[in-house]
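The values are calculated or read from the model by the stated rules, or taken from the named source; none is laboratory data. Given the structure is predicted, the values throughout are model-derived calculations rather than measurements. Every residue, glycine among them, receives a Cβ derived from its backbone with ideal geometry; neighbour counts consider all protein chains shown. Note: areas computed on protein heavy atoms with side chains; ligands, DNA, RNA excluded. Shrake-Rupley method; radii C 1.70, N 1.55, O 1.52, S 1.80 Å.
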Amino acid sequence: METAKLIASKDYTIGRTSERLFGSFVEHMGSVVYNGIYEPDHPAADENGFRTDVLGLVNELALSVVRYPGGNFTSGYDWKDGIGPKEWRPVRTDVAWRQIEPNTFGLNEFMKWIGKVGADPIMTVNLGMKGIEDAKNILEYCNFEGDSYWSELRKAHGVEQPYRIRTWCLGNELDGEWQIARKTPEQYGLLACETAKVMKWLDPGIELVAVGSSTRQMATYPEWDRKVLELTYEHVDYLSLHNYISKREADTATYLAMPMDMEKQIREVIATCDYVQAKKRSGKTMMLSFDEWNVWRAPDVEYTPWQTGSPYDWVRFRMEDALVFGSAMLTILRHADRIGIACQSLLVNTIPMILTEKGGAAWRNPTFYPFAHVSRYGRGQVLRAIVESPKYDTSVYTDVPVVDTTAVYREEQGEATVFAVNRGDEPLLLELSLRDFGTCRPLEHIALKHERLDAVNTSAQPLNVSPARETGTFTSKDDHTAVLLPPYSWNVVRLATGESR
Ligand code: AHR
């Protein structure tokens, strides 16, 4: 049997995970909102029209932040259409997704919903069709303490206390040809800078995210990022990254290796930020907001345009998608020193963690589980581990480690968690050399695995791909523990560290 080794010391850490690394994304897109989180006619809907069955699943994810209302949708959206009495709200066309927006769910509905989730909002302002004035007005409506037109309107809408929303995205993917009112980096950088000034003058407590390149494949990457940062550096707090990892025609071995490109992307964006920091002789280190990340595969349901709540990119993810998704999460964790925000995209029905049927069931996609595990057991000090692994080559990648693994020290719990993806078709023994932790005691080994890599969860078989506790997989070798990872599996290995005994 092949063996891999993870060596880590308590004293060598990458950094503490930011509280906002465990986020997701709700966009007015397809059936994410309408017929997703919000379906007033559903038997499980509460008095607000929120599906309580969906809320129950969302709460298992322990989300820390949720980005809203888009995405591409934001660049054509007027947030004012979604406030006030519902009978006065206009029905609009949304050209980003070619759908009908009834505006029966808007800002205040979202804030009520997120209150039930227990997460913080991240708001995206429209820097496509709108601009500085609109960004100032929504901030004043949400956060302003004093008496002003917009804050009084909020109160008139039944919200006495300001929401105090801390994080705001200055538009979305404005480098993209598909974006409503896309811009050159010079146009966007100047607009983002001027918007940032006005927003921070109104509320100095906020944090702002500038739009970075939409993908690593953009012809303008990473020059877009450099130019935008040169125009905004001292006015913003984060630069955004997006990545949707897609198998398309690739073989499984290649697909499982694709998060290695995400690793490159993160390093390249950090390098770009640091270049601008050096050029400006700035004392400020730019943080990253990975505010859209996921795996992507072709939808299982055809989209019908010009409807409300028609499923868009409604996909049953496969077991293999969950492995790639897990690797992507670990890649983000390993950059805990620079990534301050991360949002899986999207939460419900569009390449989602949670699938629903209109009027029917809600259930977990396989990708739900790695997220829930990392959200629950991955908050702490990410360890600067050394990993020795057998490697493989594919038609695209060379030297792909068979095991992708990361360890997190959860001091308060007196626990270390080792997450691991076994990319191989054979069991793999992972030796854990956790130094300076005292004698570690195995607590549990959870694995997500299936004999078929194309296995899915359906409303009839919602638990077909679901994690289970492994037994008999721990062994002791010399003075350290080893754990047996099943073929093609996502693993959570929990250990009590010496101090807690
Ligand atoms: O699938 C979500 C969309 O993907 C977002 O609206 C956009 O930002 C990205 O291109």
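At-a-glance table
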| item | result |
| --- | --- |
| Condition check for residue 370: touching a residue at least 40 places away in the same chain (Cβ under 8 Å), within 16 Å of the ligand (Cβ to nearest atom) and not hydroxyl-bearing (Ser, Thr, Tyr) | no |
| For residue 244: the one exception among (1) more than 19 Å from residue 186 (Cα to Cα); (2) within 16 Å of the chain's Cα centre (by Cα); (3) crowded, with 17+ Cβ neighbours inside 10 Å | (3) |
| Residues located in region 334-389, provided they are among the aliphatic types (A, V, I, L, M), in contact with a helix residue (DSSP H, G or I) (Cβ under 9 Å, 6 or more places away or on another chain) and closer than 21 Å to residue 40 by Cα | 347, 348, 354, 361, 362 |
| Residues located in region 254-272, provided they are within 25 Å of residue 232 (Cα to Cα) and free of Cβ contacts under 8 Å to residues at least 60 places away in the same chain | 264, 265, 267, 268, 269, 271, 272 |
| Members of region 308-358 found to be open to solvent by 10 Å² or more (accessible area, probe 1.4 Å), within 16 Å of the ligand (Cβ to nearest atom) and closer than 21 Å to residue 455 by Cα, listed by number | 313, 314 |
| Of all residues making up region 412-458, the number that are open to solvent by less than 20 Å² (accessible area, probe 1.4 Å) and not in a strand (DSSP E or B) | 6 |
| Filter result (under 24 Å from the mean Cα position of the chain (by Cα) and free of Cβ contacts under 8 Å to residues at least 12 places away in the same chain) within region 202-220 | 217 |
| Matching strands (runs of 3 or more DSSP E) fully within region 27-105 where at least 3 residues are within 16 Å of the ligand (Cβ to nearest atom) | 65-68 |
| Residues (among the polar types (S, T, N, Q) and open to solvent by 10 Å² or more (accessible area, probe 1.4 Å)) located in region 363-381 | 381 |
| Search result, residues across region 459-501 that are assigned to a strand (DSSP E or B) and of a type in the set (Val, Ile, Thr) | 475, 481, 483, 492, 493 |
| Test: residue in region 193-205 that is modelled with pLDDT of 95 or more and within 16 Å of the ligand (Cβ to nearest atom) | no |
| Residue in region 247-268 that is within 16 Å of the ligand (Cβ to nearest atom), within 21 Å of the chain's Cα centre (by Cα) and open to solvent by 20 Å² or more (accessible area, probe 1.4 Å) present | no |
| Selection status of residue 62, open to solvent by 40 Å² or more (accessible area, probe 1.4 Å), aliphatic (A, V, I, L, M) and within 23 Å of residue 24 (Cα to Cα) | yes |
| From 166, 154, 182, residue being within 16 Å of the ligand (Cβ to nearest atom) and either open to solvent by 60 Å² or more (accessible area, probe 1.4 Å) or over 25 Å from the mean Cα position of the chain (by Cα) (or both) | 182 |
